[in-house]
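Just below is one structure, and these are the notes that go with it.
The values are calculated or read from the model by the stated rules, or taken from the named source; none is laboratory data. Keep in mind it's a predicted model, so treat the numbers as computed, not measured. A quick note on method: Cβ atoms are made from the backbone with ideal geometry, for glycine too, and the neighbour counts reach across all protein chains shown. Protein only, heavy atoms only, side chains kept; ligands, DNA and RNA dropped before computing areas. Shrake-Rupley method; radii C 1.70, N 1.55, O 1.52, S 1.80 Å.
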Amino acid sequence: MFRKVLIANRGEIALRVARACRELGIPSVAVHSVADRDSAVVRFADESVQIGPAQPSRSYLDASAVLQAADQTGADAVHPGYGFLSEDPDFADACREAGITLIGPRPEVMATLGDKAAARSLMAGAGLPLLPGSLDPLDTEQARRLAEEIGFPVIVKAVAGGGGRGMTVVHDPDRFTDEFRRTQATAQMLFGDGRVYVEKYLDKARHVEIQVLCDGHGNAVHLGERDCTVQRRHQKLIEESPAPKLPDGMAEEMGRTAVAGALAAGYTGAGTFEFLVDPAGGYYFMEVNCRIQVEHPVTEMVTGIDLVQEQIRIAAGQPLRIGQADVRLRGAAIECRINAEDPDRAFAPAPGTISTFEAPGGPFTRIDTHVYAGYTVPPNYDSLLAKLIVWAPDRDQAIARMRRALGELRVEGRGIHTTARFLDGVLSHSAFQTAHHTTSLIDEILQSRTG
């Protein structure tokens, strides 16, 4: 096992990793920016190192500063959390060169799966179903011809994209060339890579993903599925497990194909295979996320498996302690992301100082958060304040429990607004309650408000 783990992240996921390390008896190091010097993980971790100013590019995205902190503290492993450096193959390679274990897949695997076009090609070879589209990046004329061939609407995606960024849905053929070039420019600006590809866009789809665990000894399992259909601008707001009302046998089939894809890629650690499910009952591979997911707690709640601890054990070279037959999903879990945003002002960021923070309690209610009364929400980072997760014997009871928990949550302060009340409205929507919702649900709710 590792001597010491450095946590190259911030916010709730940094605290989550530190807690996993504490339970495993591994000392942890929290790195932090100037803006996060009073963060909860700095208080909780065994050591902390300030690595730069508030700007992410000069702190959490500064690979050299992170590695210097690891060397300074004697950390022999780095957990990157999600976002920031978590899916950066160059950082993974730098860790390897420095003799430090990155808790995640190998750099070459990360590079292949981070290239969305290369990942599609690899998964097609492993037998995973794909939406019609390109397996390689295209120039403008090639892309236009392909879009006309597969039929509109189509989606233009950045090869290096992720986190819902770098993609554009095109409904109007006359706008395709302009939108294609705009997406190329956006991709270049965001990721330093302007390559894009095209695939068929499903208007009324569901977003379902499979959690996998793979060790370095050729063993792999899937831990069931999560439904992440409730999204705004490709950003997930509510997640649940299991996915409700899938066709019989689909979840298990998706799990088997995800494991096949992971083995074909030589994957190690915790990873997520994302799929779209169409109204006719077909499912299609989208991408692989080479990291722990924001929504991992819903899988933990229905399986009883600590995914972060499993990540650490796998990275330390230990074989999986479970086989597929040991994985059993029990009950239903739902997660709501509580963001510092104002839904009444087009979800504008709402940073400020929190004067009151009261977390909900009660049975089977979990809140993953780094905030507290007196905490100042900085404007420099993602707006996630907390993840509220509940478990119940079935989905209807889980929805009721979540609505009760949202009603108990109090986050107040000068300038502070959250998405909690808006999410309660989504949970009460008939389409969600009957599991007839699609990725268009949030747009439909917002349109009904303005209409």
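Annotation: of all residues in the stretch 424-446 being β-branched (Val, Ile, Thr) and under 24 Å from the mean Cα position of the chain (by Cα), the one that is nearest to Ile338 (Cα to Cα) is Val426. Scan the stretch 176-183 and tell me whether some residue there is of a type outside the set (Phe, Trp, Tyr) and touching a residue at least 40 places away in the same chain (Cβ under 8 Å). Yes, that holds for at least one residue.
The number of residues in the stretch 122-134 being closer than 24 Å to Thr439 by Cα and either open to solvent by less than 20 Å² (accessible area, probe 1.4 Å) or out of contact with any strand residue (DSSP E or B) (no Cβ under 8 Å at 6 or more places or on another chain) (or both) comes to 4. Would you be able to say whether some residue in the stretch 1-8 is among the aliphatic types (A, V, I, L, M), at pLDDT below 95, surrounded by fewer than 18 Cβ atoms within 10 Å (Cβ to Cβ) and over 30 Å from Ser134 (Cβ atoms)? Taking every residue of the stretch 1-8 in turn, at least one turns out to be among the aliphatic types (A, V, I, L, M), at pLDDT below 95, surrounded by fewer than 18 Cβ atoms within 10 Å (Cβ to Cβ) and over 30 Å from Ser134 (Cβ atoms).
Selection of strands (runs of 3 or more DSSP E) fully inside the stretch 141-244 by the criterion of at least 3 residues being open to solvent by less than 20 Å² (accessible area, probe 1.4 Å) and at pLDDT below 95 returns 154-162, 196-200.
Would you be able to say whether some residue in the stretch 344-357 is over 26 Å from Gln235 (Cβ atoms), touching a residue at least 24 places away in the same chain (Cβ under 8 Å) and surrounded by fewer than 17 Cβ atoms within 10 Å (Cβ to Cβ)? Yes; the residues of the stretch 344-357 include at least one that is over 26 Å from Gln235 (Cβ atoms), touching a residue at least 24 places away in the same chain (Cβ under 8 Å) and surrounded by fewer than 17 Cβ atoms within 10 Å (Cβ to Cβ).
The set of residues from the stretch 351-400 being in contact with a Pro (Cβ under 8 Å, 6 or more places away or on another chain) and part of a helix (DSSP H, G or I) comprises just one member, Arg395. For the stretch 55-78, a residue qualifies if it is open to solvent by 20 Å² or more (accessible area, probe 1.4 Å) and under 20 Å from Gly11 (Cβ atoms), and the qualifying residues are Gln55, Pro56, Ser57, Arg58, Leu61, Asp62, Ala63. Taking the stretch 358-382 as the range and being of a type in the set (Asp, Glu) and under 20 Å from Leu237 (Cα atoms) as the test, the residues that pass are Asp368, Asp382. Checking Arg404, Arg449, Arg421 one by one, the residue that is under 24 Å from the mean Cα position of the chain (by Cα) and either in a helix (DSSP H, G or I) or loosely packed, with under 14 Cβ neighbours inside 10 Å (or both) is Arg421 and no other.
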